[in-house]
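Enquirer: Below is the structure I would like to discuss, written out as structure tokens.
Values quoted throughout were computed directly from the atomic coordinates according to the rules given, and no laboratory measurement underlies them. Quick caveat, the model's predicted, so the values are computed rather than measured. Backbone-built Cβ (ideal geometry, glycine too); neighbour counts: all protein chains shown.
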Amino acid sequence: MTNETQLRERIVEIGRSLYQRGLSPGSSGNISVRLEDGWLLTPTNSSLGYLDPASVSKLDWKGNLISGAKPSKEYFLHMAVYHARNQSGAIIHLHSSYAAAISCLDDLDPGSCIPPITPYFVMRVGKLPLIPYFRPGDKALAEEIGRHAPKHAAVLLANHGPVVSAPDLDGAMYATEELEETAKLMLLLHGQKVRSLTPAQINQLREQFGADWE
């Protein structure tokens with residue numbers, strides 16, 4: 001079994017898991033992974049719960065389709081992250097309920113929509129910049145994402161949802177799950193006086209676990 005075949009099957013497994021847990025309703029969300037000779041992306045108008053490994057799109061670095069079904073119309077946002085962030089080997093973009101709800105709140109901190117309320121959010125996600133609203137499919141979004149991707153593994157698209165990258169597929173899934181759970185916590189705490197981690201506590205996470213919170 002080739003590495004590409006294994007990655008296609010892992011995309012299907014992760015997609016099914018996300019769908020079954022209600023994190024990617026309908027045909028929303030997309031998953032991609034970097035290859036040596038291009039990259040894989042889930043097809044357009046496809047449910048992450050019912051993917052076919054052979055139909056997963058394979059593209060070159062200009063966005064041209066090499067094989068598989070027609071790719072997600074949001075292919076360009078994945079490509080923008082890959083071009084700007086060499087350490088990103090996989091990306092998950094969802095419309096998951098709690099993170100999407102956070103993205104609709106007013107007066108968010110554009111530097112990080114979610115404060116450092118848990119050590120695991122700091123370690124697995126890092127600061128979460130807010131990307132201004134763009135209509136779905138607007139390729140101008142790529143430039144905005146590209147500005148943030150060099151320093152941030154994840155961003156939140158206003159009135160839309162999160163884009164999360166990691167060195168590999170499993171890492172992207174874990175970070176996406178952590179983001180969603182922290183978004184849920186933030187909404188549960190909304191209107192309450194919240195105790196965030198202190199700069200000294202965040203520095204400890206940097207020193208002990210290599211957390212990236214710049």
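Enquirer: For Lys58, list the aspartates and glutamates whose Cα falls under 19 Å from its own Cα; do not include residues on the same chain fewer than 8 positions away.
Expert: Glu4, Glu9, Glu13, Glu36, Asp37, Glu74, Asp168
Enquirer: Can you tell me the length gained on complete extension of the stretch Tyr50 to Ala101, counting 0.36 nm per residue apart and subtracting the Cα distance? Walk me through the numbers on the way to the answer.
Expert: Numbers: separation 51, 0.36 × 51 = 18.36 nm, distance 2.54 nm.
Extending this stretch completely gives an extra 15.8 nm.
Enquirer: Compute for the chain: radius of gyration divided by Kirkwood radius, i.e. Rg/Rh, restricted to C-alpha atoms, rounded to two decimals. Provide the component values of the computation, followed by the final result.
Expert: Details: Rg = 16.6 Å, Rh = 17.3 Å.
In the chain, Rg relative to Rh is 0.96.
Enquirer: Right, here's the next one. Mind ordering 54-62, 32-40, 131-139 by average Cβ neighbours within 10 Å, highest first? Each step should come with its number before you reach the end.
Expert: Numbers: 54-62: 16.2, 32-40: 19.4, 131-139: 13.3.
Going by the mean number of other Cβ atoms within 10 Å, highest first, we get 32-40, 54-62, 131-139.
Enquirer: Right, another one. When we measure straight from the Cα of Lys151, which lysines land under 19 angstrom away, once same-chain ones fewer than 8 places off are left out?
Expert: Lys127
Enquirer: Please state the shape class of segment 1-80: rounded when a/c is under 1.5, otherwise prolate if a/b exceeds b/c and oblate if not, all from the C-alpha gyration tensor.
Expert: Details: a/c = 1.94, a/b = 1.31, b/c = 1.47.
Verdict is oblate for segment 1-80.
Enquirer: Let me ask another. Between Ser67 and His83, what is the spin-label point distance in nm, taking each point 7 Å from the Cα along the Cα→C-beta axis?
Expert: Using points 7 Å along Cα→Cβ, the separation is 2.5 nm.
Enquirer: So how far, in whole Å, is the C-alpha centre of segment 149-172 from the one of segment 85-117?
Expert: 7
Enquirer: Let me ask another. Quickly rank 97-104, 76-83 as a protection proxy: mean count of other C-beta atoms within 10 Å, highest first.
Expert: Highest mean packing first, the order is 76-83, 97-104.
Enquirer: Give me the net charge of His148's neighbourhood, meaning all other residues with Cβ under 10 Å from the Cβ of His148; Lys, Arg count +1, Asp, Glu -1. Don't skip to the answer; put the middle values down first.
Expert: Working: positive: Arg85, Lys127, Arg147, Lys151; negative: Glu144.
Local charge sum for His148: +3.
Enquirer: If N is the number of residues in segment 55-96, what value comes out of its Cα radius of gyration divided by 2.2 N^0.38 Å?
Expert: Normalised by 2.2 N^0.38 Å, the Cα Rg of segment 55-96 equals 1.17.
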